[in-house]
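Notes to accompany the following structure.
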Amino acid sequence: RVVPEHDQALLAEHLPAVGRAAVRGDEADPFSRGHICPKGVAVGPDDLAYLIYTSGSAGQPKAVMVAHRSLVNYITSAQAKFELTPVDRVLQFFSTSFDAATEEIFSTLSTGATLVLRRDEMMAAPATFISECAKREITVLDIPTAYWHELVADLATEEWAAAQALRLVVIGG
């Protein structure tokens, strides 16, 4: 929920000093005023949830329409396959412009698990990445195949501190 500026100080008093962030709303932003969908308009399973653009690897990039039904089916499948629970901490690795981010974001949040945003500093070196995952107690990683190969190659030459909480690594992209 986007909090209007006049309510932010009140909200901040109720948040712990560490581990939480408040998203500041801009009154000029239509999303902060609830104008996403006019009142009384029903949204059904076959209605558009979002558009995503293909990479154009087979020619020209094009928009692909994803309906609510497809998104819900995908999220439900990911939740079951990954056995996500509210105690999980999932690293959001992929850019939000890539469809794999929907798997990370929506399946995590709709399960009640914690979505941990990846910071650029984590990518300095594979050992740094694993160390940062350990510090953040990441339980689920969803990473691209190319990055998995980089991690494994580094593991063959370096000694890493174990990420004790990690229970699942999903590789794809």
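Candidates in region 130-173 are the residues that are open to solvent by less than 40 Å² (accessible area, probe 1.4 Å) and closer than 18 Å to residue 98 by Cβ; of these, the one that is modelled with the lowest pLDDT is 172.
A single member of 49, 100 is within 17 Å of residue 171 (Cβ to Cβ) and surrounded by 12 or more Cβ atoms within 10 Å (Cβ to Cβ), and it is 100.
Remark: pairs (first residue in region 100-129, in a loop (DSSP other than H, G, I, E, B); second residue open to solvent by less than 40 Å² (accessible area, probe 1.4 Å); Cβ separation under 7 Å; 6+ apart in sequence or on different chains) = 113/84; 113/88; 113/90; 118/91; 118/92; 118/93.
Going residue by residue through region 103-126, is there one that turns out to be surrounded by fewer than 16 Cβ atoms within 10 Å (Cβ to Cβ), basic (Lys, Arg) and over 23 Å from residue 147 (Cβ atoms)? No: zero hits. Are there any pairs with C-beta distances below 6 angstrom linking a residue in region 53-77 that is over 15 Å from residue 96 (Cα atoms) and part of a loop (DSSP other than H, G, I, E, B) to a residue that is β-branched (Val, Ile, Thr) and open to solvent by less than 80 Å² (accessible area, probe 1.4 Å), with the two at least 6 apart or on different chains, and if so which? These pairs meet every condition: 61/54; 62/54. Taking the criterion of being in contact with a strand residue (DSSP E or B) (Cβ under 8 Å, 6 or more places away or on another chain) and more than 16 Å from residue 163 (Cβ to Cβ), the only residue of region 117-139 that qualifies is 117.
The values are calculated or read from the model by the stated rules, or taken from the named source; none is laboratory data. All values derive from a computational prediction rather than experimental measurement. When we count neighbours, we look across all protein chains shown, and the Cβ atoms used for this are built from the backbone with ideal geometry, even at glycine. Note: areas computed on protein heavy atoms with side chains; ligands, DNA, RNA excluded. Shrake-Rupley method; radii C 1.70, N 1.55, O 1.52, S 1.80 Å.
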